[in-house]
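Each remark here refers to the structure printed beneath this line.
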Amino acid sequence: MVVILEAVSGPILGRRIEVRGGSIVRFGRTGKSDYAIAEDGYLSGLHFSVECDGTQCRIRDLGSSNGTFVNGARITDQVVRPGDSVVAGGSTFRVHLDLLPEITGVGLPRVSTAPNPISMATQTLGDVSGRQTGYSAAETALLSALYAPGEQVFAVVDASRDSRIPAFLDAAGDTYSALDSTGRAAAFLVALPADARLVHVLIKDGWGRGWGFYGTSKTGIDEVRAHFTSFVRLHTSSGAAITFRFWDPRVLRALAPVMPQEEADLFFGPCERMIVEAEKPGMALEFSRTPRGPRQQTVMLG
């Protein structure tokens, strides 16, 4: 049995989150949870959990500030049934049941998975090992845009976008590191040589889903990490600290084209190019530095 939480209102409207029988998934706003919904500022860091034992589904509040509600009543621990409404933070979910043995895993296209993220990541990456074919024309175009002679490719990914990302990073064996030493932002820098196991997963699963962006540099990953780490925490004119989510495709698309030359030089640092998914499907945006500021080019992917 698979329990499906369908977001019917709130910042992730339309997303379908699936919990397989025999597993417990904790939901919240931060990377402390198993499934982070960073877009919902009304959620607690750890807000509620969903437990599916194969015969019933149970919702538990995890001591959240604003409470968890089932069919309008605040709960601490309650079994839910198909059609029930679950409200947490600024999001409302509808409960569905799927008796099929396979699940999509956090709202992505249906694939066979293991009961937990680590096993699922190992299985997915194991299938990819030694196989660099199977890309669509659009994915091949994206790879061609990424890999240029003399440049090393990296990605900055946001683990709050998909609960599987940390497991993928651990299982792949490729070089990666956190950008925020405090753990408040779940952003990771990943080195992506052409034979990296993660390339296939990021292209197939991550593209178009707001996982982050790709970049290229003529220096090593240590220099790139040292550069971007300094941008995670910024301060306002009053001295208040804020998290600069520059890895969010929406942020990068809005800021990069309008940066003056001096700001662009500071932000790009050791990076030659940055490639991010466009708002419209089938397109990517490439930002590169020029003497007159950033240059934006559209990459057609099909």
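The values are calculated or read from the model by the stated rules, or taken from the named source; none is laboratory data. In this text, all values refer to a predicted model and were calculated from it rather than measured experimentally. Every residue, glycine as well, gets a Cβ built from its backbone with ideal geometry; the counts of neighbours run over all protein chains shown.
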statement: Exactly one of 185, 141 is assigned to a loop (DSSP other than H, G, I, E, B), in contact with a Leu (Cβ under 8 Å, 6 or more places away or on another chain) and either within 20 Å of residue 278 (Cα to Cα) or not assigned by TED's automatic domain parsing to the domain that holds residue 24 (or both), and that residue is 185
- line: Checked against (1) more than 17 Å from residue 60 (Cβ to Cβ); (2) among the charged types (D, E, K, R); (3) buried (at least 20 other Cβ atoms within 10 Å of the Cβ), residue 39 satisfies every condition except (3)
query: Considering 276, 201, which residue is of a type in the set (Val, Ile, Thr), within 17 Å of the chain's Cα centre (by Cα) and not in a helix (DSSP H, G or I)?
result: 276
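Each row is one residue, and each column tells you yes or no for (1) of a type outside the set (Gly, Ala, Ser); (2) touching a helix residue (DSSP H, G or I) at 6+ places or on another chain (Cβ under 6 Å); (3) closer than 25 Å to residue 222 by Cβ; (4) surrounded by 17 or more Cβ atoms within 10 Å (Cβ to Cβ).
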| residue | (1), (2), (3), (4) |
| --- | --- |
| 253 | yes, no, no, yes |
| 256 | no, no, yes, yes |
| 266 | yes, no, yes, no |
| 274 | yes, no, yes, yes |
| 283 | yes, no, no, no |
| 295 | yes, no, no, no |
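Conditions tested, residue by residue: (1) crowded, with 21+ Cβ neighbours inside 10 Å; (2) among the β-branched types (Val, Ile, Thr); (3) under 30 Å from residue 136 (Cβ atoms); (4) in contact (Cβ under 8 Å) with a residue 60 or more places away in the chain.
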{"position": "164", "(1), (2), (3), (4)": "yes, no, yes, no"}
{"position": "173", "(1), (2), (3), (4)": "no, no, yes, no"}
{"position": "184", "(1), (2), (3), (4)": "no, no, no, yes"}
{"position": "191", "(1), (2), (3), (4)": "no, no, yes, no"}
{"position": "210", "(1), (2), (3), (4)": "no, no, yes, yes"}
{"position": "250", "(1), (2), (3), (4)": "no, no, yes, no"}
{"position": "279", "(1), (2), (3), (4)": "no, no, yes, no"}
Only listed residue being touching a Phe, Trp or Tyr at 6+ places or on another chain (Cβ under 9 Å) and at pLDDT below 90, chosen from 155, 172, 185, 191: 185
field: Residue check for residue 48: surrounded by 20 or more Cβ atoms within 10 Å (Cβ to Cβ), farther than 20 Å from residue 165 by Cβ, within 22 Å of the chain's Cα centre (by Cα) and not charged (D, E, K, R)
entry: yes
query: Are any of the residues in region 77-88 within 29 Å of residue 180 (Cβ to Cβ) and modelled with pLDDT of 90 or more?
result: yes
message: Looking only at region 217-251, how many residues end up being touching a helix residue (DSSP H, G or I) at 6+ places or on another chain (Cβ under 8 Å) and closer than 21 Å to residue 147 by Cα?
response: 1
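Matching residues to (1) assigned to a strand (DSSP E or B); (2) in contact (Cβ under 8 Å) with a residue 40 or more places away in the chain:
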{"position": "3", "(1), (2)": "yes, yes"}
{"position": "42", "(1), (2)": "no, yes"}
{"position": "50", "(1), (2)": "yes, yes"}
{"position": "65", "(1), (2)": "no, no"}
{"position": "92", "(1), (2)": "yes, yes"}
statement: Of the candidates 72, 10, 31, the one satisfying the condition of being out of contact with any Pro (no Cβ under 6 Å at 6 or more places or on another chain) and surrounded by fewer than 18 Cβ atoms within 10 Å (Cβ to Cβ) is 72
Meets criteria (closer than 26 Å to residue 159 by Cα and modelled with pLDDT of 95 or more) for residue 61: yes
- prompt: How many of the residues in region 21-36 are of a type in the set (Gly, Ala, Ser) and more than 15 Å from residue 59 (Cβ to Cβ)?
  reply: 4
